[in-house]
Structure formats: structure tokens, C-alpha cells
Amino acid sequence: MATKVYLGDLRYNYSGVLANDCMPLGVAYMKAVMDKEDTGREIDSRLFVYAENLIEAIRREPPDVLMLSNYVWNEALSHYLFRVAKSVNPRILTVMGGPNISLEPERQLAYLDKYPHLDVYALGEGDFLANHIVRTFMDAGKDIARLGAIGLPSATFRNPEGQAAIDETKPRHKEVEDVPSPWLTGIQDEFFDGKLAPMIETNRGCPFTCTFCVQGTKYYSKIHNFSVDRIKEEITYIAKRIRSHSPNMGTLRIADSNYGMYERDIDISAHIGLMQKEYGWPTFIDATTGKNKPERIIKSVEKVGGALVLYQAVQSLDDEVLRKVKREAIKLEAYKALEVHMRGRGLRSVSDLILGLPGESLESHLRGLHSLLDSNIHQMHNFQAMMLKGAELESLESRSLFKFDTRFRVLPKNYGVYEGEKVFDVEEIIVGTDTLSFEDYITCRKWHLVSSVFWNDGWFEHVVNLARAFGIRNSEWWSRMLPAMEKGNEVMRGFLDDFVGETKGELFPTRESCIEYYSRPENFERLQRGEIGDNLMYRYRAIASFHIWNDVCDAAMDATRALFVEHGIDRRIPDFDTFWKDLHAYTKLLHAHGREKEKILSSDRAVLHYDFPAWFASGELTNPGAYRFAGPTQVLFRLTDEGRRELEAALAVWTTHIKALSKMVTRIKVDWQVRECVPQREREAAAA
């Protein structure tokens, strides 16, 4: 009888919204190798992503081996499934693998001691190691104790005395082409279910040594490439499958650490562009673009019709911070060159900063935000430093050296109830260091909210461009938005107060206290409703975008008007009051919003005195009078055909519930939510 192996890369789906909406890749590679090496049909392997399906399979047909991934978002869920497996049959070999384990060997051994239901932890890449573990287990007569006596390379396990042991980790397998494609072999076919997005990787490894990143260690320093021909075949296969089985799924994820930084990436992007023309997919590409070689990155972005956003992950702009996290090799000049070219070619760019890195202070963090703003970056993502097990920053030495103050919070949507037991995955983040107090941390988070609501997605981009044309820096405009909330109407003050309250309330001193809080029935019900425990930045951006847009727009426009008056700009624009009233209305109606699908997709009208689209397109921003209509003109605001189609498809996948919208805002293109502005006379001419 064949040895039955279940491989799982589990994700939560309990809340009704997938916490991780990627198709499995790592475990699919493992199955691909097992299938290739299994010439005698001795292994029967199967993949799982949904925990409910795996529980049912374990109880109905228990496997001989259960192998589950360990990432920060599914660690507790995997351990729960291991406990289920051992309760069904203690002889099932349980194997965990993945980057979410500390670097120090003594802590790796302690990890095994902590979880008696775990037999083996596979260290490093698992493509071939998984097959080796299964084969060794078979050679040991499927006896866990005998397996421990034989030993396993690149793994922790228990020796015959029951003590945790560890064997040296082998170098990574250089010839990645030896790993069969999980796409071309059909292994991934079952996951084209309309919920999961395909994920590919064109290479493995990262040449940079950032201490906050798992791939910053020496183990991952060499780049190993899949062939371009293979990648093109995979992309073509996926495009065809998407059209036939999940046409509403517009996303492609590229798992590379530095996509676009290599010459071959231009060719790959060109092929993706061909798929867009032939199959209408992908419409959105989620990838981390490279940190050097700006000219190559720009070409890669251009090839895919705006579906790929330039992601400039600077993390900090302070030289001392960059030195402490070993990020000096990344050239900041490359970011500046990229931004100039991207703006000039009408492409969008994204950057991010990480709050809580060693050496970062309130002052240096705000300087970094101002620098990015004044570089004309389109979006600024602001993250908190996570204590990622497997990264150098998480080591005991780093914790002590930089005096990290850490707290725990539940990962958004990463929870569920399985056979009556509540399971939560929790992350540890840095909220204080020897240079950043907790109070300063909260202040920074307020400014992060400003970025998320008033800057990202370009809701006020034309207003900012106008201000800049009159000599007002981006950072000066941005700095007025926090006071606008603090001194705004009841809705905006409540919006800010609720955010600060939730920011403090989501943090717990220990993992156990976090889980205990959300396990209480009343709190768990609130968690299910999306009232607590979500990604706050995305949740509040979704609230601002869809639920309270009119108040957000009023706050921004009133603050901008006051800034213009302060700079005397009102005296330089004829009939300023009429102009500003119209610009305010135009800005408000340009953005599609609402609590129901019908409202979001609807059109609106206004009577305006200025042809704003023509004015903004002209670039003559200091002379709006030249674009004044002959008289009051009715204007229609409606979604473009593409915007309506793509928004409707996205809403079909995610729904209008706030916990779904908080996910959807990270999965749609900015332009889809922007209405076009059509004057009455143009509509009449078109009708004629």
C-alpha cells in the first residue's frame, strides 16, 4: 500500500474573507518533486489549503505523514492540525517546515520540546528535503522512533532517547530547474476556485542582508533562477486557466524579493503584457520590485500596462538606521531616479517605511515621511517592525542590544473555530526601542493614518498638484491633515479617536493574553463582525474610501483652502470662492463610494463653472480661469467602462462588508474607483 502524505499550506477562511488569498506554492513544489521521484508509485500525496478539508480528510483517511508549512500567519493553525492528527493516530509522522523559526540552534531545539505533537522540523528549502524525509520514514518501517535513530539532514527531530536533536542544514539546491513546475504538471489546477490568486516565482534568494527580513541571512544570499521559457509557459498556462475557471480573479502575485531588477525580468513582463492582450489577465500584479537597477525596473513596469506598481521599499531614510539593519548596500539614489522616470511616464510608485527599526526616532521617522512625500511618491505604506522568527532582528542578541519593547496582536482574519476549538495566529511587533518611546509610536501611527487616508491612492492628487504649482511642498500640505481631523466635525474626530483607541487596544503584553482576550465570547463575536482585530490601516482606509468619503473630502478641502489663503493664493485666482466651491464639488464627486454595491457603481451630477479635466490635463495649473465654461454647465460623473467592470468583479469576490473592503482596497487599481467627468455638451454631441 502506498504511503499517504498530506501536504498543507493552510489559510483561515472562517471570517468569510480569506486571510491569505494565494494559491499554495512551496508545498506544491514538494508534491511535484515527490511525484517526479516516485517512479514506483509508492507515495500518494495530496495538497490542502483549507483547514476544514484537511480535518475531514484526516478523520476519514488518516495519512502516514502530515507535512504543514509554518509562516507567521498560519503557525497556530498548523499546530492545531498536528494535534488533530495525533489524536486520530499517534503513529502519523508530523513534519513542519518554513521560515517561521528562530535562527539560534538552541531555540530551534526548544521549539521541538515545546510541541510534543511535532516530530520533525525541516530547516531551509523543502523541495527535495520533504521527499527525503518521507523516504527515510518509509525505510524506518514508518516507525517514528527508528527515524530518530537514523537522523535527518537539515532538520530537528527526536533521537531514540526522546531528546531534541539537530543535524547540519545543507546548502540550498542550486539547480531550481530540477524542481518540476506545479503549474505545468496540473498540481495547482484544483485551486483555481475563484478565491485564490496564482503566485509564481521567477527566482529565489536575495543579495541584500537586511536584518528584519528572513531572506537577509547568508543562507538566501545567492540568486537561483528558473528559466525564462519555463516561466512564460507557466504564465500562459495560468492565463488560460483563469479565463476558463476563475475569470473574476485579476491578480497575479510574484514572490521574488526583487522583481524587475534583472534584465530577464523585462522579457517576462513583456510576456505578461501579451497575456493581458490575449486573455485580459492579469489586471493587478502584486510584487516587490528591485532595490537597484532603476532602468530595468522601469522597463518591466512599462511592459504590463500599469498593472504592476513600482514598489520602492526604503524602510528608513536615516543613514544610522540603515547601517544598524545592514541595508547600506541598497542605493537610495536608485529610488530617486526611479521616481523621476515613473512620474514622467505616468506610472505609479509605492514606497514604505518600517516603524520601530533600531535607531529610528519620532523625528527621523517623520523626516523620512517628509522626504518621500516631497519626492512625489504616489503611495507610502507604513509598517510596524515585526519580530519575524528566522530574521536576525528577532535574535536574543538584537532584542537585548536595542532594548526592544514588543507587544502582541492577532493577525487580521487569521482565526477560526475548528471542531469547537478557537484558534488564533498572533504576531509580535516592536512598539518601542532605546530611541522610540511608546508615546512616539502612537504619534507616528496617527501620521500613518494621514498617509493612508489623505495621500495614498491619490484621492487628492490634483489638489496637491495645484498646491505645488503655487510653491507649497507636498509635506506642508500633508502636515495639515492631522489637525484637520483633530479639529474637524464629529465624524472626523470620532474617526481619529477610534483609530487611536483601536491602535492601543490591539496590543497585548504576551501572546497568551492576546489569545485569552479574543477567546472571550463577547470579544470573539466582535472579531467575527470585523469590529476589532482587523488590519487597522486598511480598515480605516476602507471606511474613509467607502463610508465617510464626504466628510474626509470636506476635511481635506477645508484645510487646503485655509492653506491657500495663508499663502495668498486666493488673491491670485480670480473669483476664488466660485472656483473653490466647484473644485470641492469636483473632488468629492470624482471618487466612487457608498455602503452598497449599487451606490458604489452609480453616477452623479453637478453644475460646475470650470472644465477641470481639461485644465488638469493642460498643466497650466496657475491659470484655471482659462478653462472656465461660458456659463454654468451640468457635468456627469460616472465610472469608466473598465472601472465599473473591474470594481464589479472585485465586489463579487470580496463583497461590501467592511472586513472584506479592508482587504479589497489592497487588491484593486486606484483608477478603477475614479469617475470620469463629462460635461453636458459633450454628452449631447456624442448622442448626436
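The values are calculated or read from the model by the stated rules, or taken from the named source; none is laboratory data. Fair warning: this is a prediction, and the values are worked out from it, not measured in the lab. Please note: Cβ atoms are built from the backbone with ideal geometry, for glycine as well, and neighbour counts cover all protein chains shown. Surface accessibility is based on the protein's heavy atoms, side chains included, excluding ligands, DNA and RNA. Shrake-Rupley method; radii C 1.70, N 1.55, O 1.52, S 1.80 Å.
Summed over the stretch 218-242, residues that are open to solvent by 40 Å² or more (accessible area, probe 1.4 Å) and touching a Gly at 6+ places or on another chain (Cβ under 7 Å) total 5.
Can you confirm whether the stretch 571-582 contains a residue that is buried (at least 18 other Cβ atoms within 10 Å of the Cβ), farther than 30 Å from residue 469 by Cα and in contact with a His (Cβ under 7 Å, 6 or more places away or on another chain)? No, every residue in the stretch 571-582 fails to be buried (at least 18 other Cβ atoms within 10 Å of the Cβ), farther than 30 Å from residue 469 by Cα and in contact with a His (Cβ under 7 Å, 6 or more places away or on another chain). Residue check: residue 137 meets all listed conditions (1) farther than 30 Å from residue 322 by Cα; (2) surrounded by fewer than 21 Cβ atoms within 10 Å (Cβ to Cβ); (3) among the aromatic types (Phe, Trp, Tyr) but one, namely (2). Residue 209 passes every criterion in (1) under 26 Å from residue 48 (Cβ atoms); (2) hydroxyl-bearing (Ser, Thr, Tyr); (3) open to solvent by 50 Å² or more (accessible area, probe 1.4 Å) apart from (1). Checking 496, 527 one by one, the residue that is in contact with a Leu (Cβ under 8 Å, 6 or more places away or on another chain) and closer than 25 Å to residue 382 by Cβ is 496 and no other.
Scanning the stretch 509-530 for residues that are touching a residue at least 24 places away in the same chain (Cβ under 8 Å) and open to solvent by less than 20 Å² (accessible area, probe 1.4 Å) gives 514, 518, 524, 527, 530. Annotation note: Cβ proximity below 7 Å between a residue of the stretch 152-172 that is free of Cβ contacts under 8 Å to residues at least 12 places away in the same chain and surrounded by fewer than 15 Cβ atoms within 10 Å (Cβ to Cβ) and a residue that is among the aliphatic types (A, V, I, L, M) and not in a loop (DSSP other than H, G, I, E, B) (sequence gap 6+ or interchain) occurs for 159/165. I'd like to know if the stretch 87-106 contains one or more residues that are at pLDDT below 95, of a type in the set (Gly, Ala, Ser) and open to solvent by less than 20 Å² (accessible area, probe 1.4 Å). No; the residues of the stretch 87-106 include none that is at pLDDT below 95, of a type in the set (Gly, Ala, Ser) and open to solvent by less than 20 Å² (accessible area, probe 1.4 Å). Scan the stretch 423-475 for residues that are open to solvent by 30 Å² or more (accessible area, probe 1.4 Å), farther than 26 Å from residue 310 by Cβ and out of contact with any strand residue (DSSP E or B) (no Cβ under 7 Å at 6 or more places or on another chain) and the total you get is 8. Residue-level analysis places residue 24 among those that are under 19 Å from the mean Cα position of the chain (by Cα) and either farther than 30 Å from residue 231 by Cα or buried (at least 18 other Cβ atoms within 10 Å of the Cβ) (or both).
Go through the stretch 1-58 and count every residue that is part of a helix (DSSP H, G or I), without any contact (Cβ under 8 Å) to a residue 24 or more places away in the chain and not acidic (Asp, Glu). Reasoning before the result, please.
The first filter runs over the stretch 1-58 and keeps only residues part of a helix (DSSP H, G or I), leaving 26-37, 51-58.
From what is left, the residues that are without any contact (Cβ under 8 Å) to a residue 24 or more places away in the chain are 53, 56.
Now narrow it down to the ones that are not acidic (Asp, Glu): 53.
Of the residues in the stretch 1-58, 1 are part of a helix (DSSP H, G or I), without any contact (Cβ under 8 Å) to a residue 24 or more places away in the chain and not acidic (Asp, Glu).
Please tell me if residue 479 is open to solvent by less than 40 Å² (accessible area, probe 1.4 Å) and touching a Leu at 6+ places or on another chain (Cβ under 6 Å). So that I can check it myself, show each step before the final result.
On the way: open to solvent by less than 40 Å² (accessible area, probe 1.4 Å): yes; touching a Leu at 6+ places or on another chain (Cβ under 6 Å): no.
Spelling it out, it is not the case that residue 479 is open to solvent by less than 40 Å² (accessible area, probe 1.4 Å) and touching a Leu at 6+ places or on another chain (Cβ under 6 Å).
Among the residues of the stretch 585-603, those that are open to solvent by 50 Å² or more (accessible area, probe 1.4 Å) and in contact (Cβ under 8 Å) with a residue 60 or more places away in the chain comprise 595, 596, 603.
Residue 452 fulfils the conditions (1) farther than 24 Å from residue 101 by Cβ; (2) out of contact with any Lys or Arg (no Cβ under 6 Å at 6 or more places or on another chain) except for a single criterion, (2). Taking the criterion of being of a type in the set (Lys, Arg) and in contact with a helix residue (DSSP H, G or I) (Cβ under 9 Å, 6 or more places away or on another chain), the residues of the stretch 270-300 that qualify are 291, 293, 296, 299. Any residue in the stretch 448-471 that is polar (S, T, N, Q) and more than 25 Å from the chain's Cα centre (by Cα)? Yes, some residue in the stretch 448-471 is polar (S, T, N, Q) and more than 25 Å from the chain's Cα centre (by Cα). Given the condition open to solvent by 40 Å² or more (accessible area, probe 1.4 Å), closer than 20 Å to residue 507 by Cα and part of a helix (DSSP H, G or I), answer yes or no: does some residue in the stretch 382-402 qualify? Looking for residues that are open to solvent by 40 Å² or more (accessible area, probe 1.4 Å), closer than 20 Å to residue 507 by Cα and part of a helix (DSSP H, G or I), one finds at least one in the stretch 382-402, hence yes. When every residue of the stretch 136-146 is checked against the conditions, none turns out to be touching a residue at least 24 places away in the same chain (Cβ under 8 Å) and within 31 Å of the chain's Cα centre (by Cα). When 508, 524, 499 are checked against the criterion of being out of contact with any Ser or Thr (no Cβ under 8 Å at 6 or more places or on another chain), among the hydrophobic types (A, V, I, L, M, F, W, C), farther than 26 Å from residue 352 by Cα and at pLDDT 95 or above, 524 stands alone in meeting it. Each residue in the stretch 1-21 was checked for being among the aliphatic types (A, V, I, L, M), crowded, with 23+ Cβ neighbours inside 10 Å and in contact with an Asp or Glu (Cβ under 8 Å, 6 or more places away or on another chain), and 1 of them qualify.
Kindly indicate which of 392, 428 is in contact with a Ser or Thr (Cβ under 6 Å, 6 or more places away or on another chain), under 21 Å from residue 537 (Cβ atoms) and modelled with pLDDT of 95 or more. Quick ask: steps written out before the conclusion?
Numbers: 392 fails: under 21 Å from residue 537 (Cβ atoms).
Unique residue meeting the criteria: 428.
Kindly establish whether residue 494 is more than 24 Å from the chain's Cα centre (by Cα), at positive phi and at pLDDT 95 or above. So residue 494 fails the test.
Kindly indicate whether any position in the stretch 228-249 is outside any helix (DSSP H, G or I) and within 30 Å of residue 399 (Cα to Cα).
Start the filter on the stretch 228-249 by keeping residues that are outside any helix (DSSP H, G or I), which leaves 246-249.
The next check asks that each one be within 30 Å of residue 399 (Cα to Cα); those that pass are none.
No, the stretch 228-249 contains no residue that is outside any helix (DSSP H, G or I) and within 30 Å of residue 399 (Cα to Cα).
The strands (runs of 3 or more DSSP E) located wholly in the stretch 60-137 that include 1 or more residues which are under 18 Å from residue 425 (Cα atoms) occupy 65-69, 93-97.
If you take the residues of the stretch 173-191 that are in a loop (DSSP other than H, G, I, E, B) and touching a residue at least 60 places away in the same chain (Cβ under 8 Å), which of them is most open to solvent (accessible area, probe 1.4 Å)?
We begin by selecting, within the stretch 173-191, every residue in a loop (DSSP other than H, G, I, E, B); these are 173-175, 179-188.
Of the ones still in play, those that are also touching a residue at least 60 places away in the same chain (Cβ under 8 Å) are 179-182, 185, 187-188.
On the way: 179: 2, 180: 26, 181: 10, 182: 1, 185: 81, 187: 19, 188: 1 Å².
Among them, the one singled out is 185.
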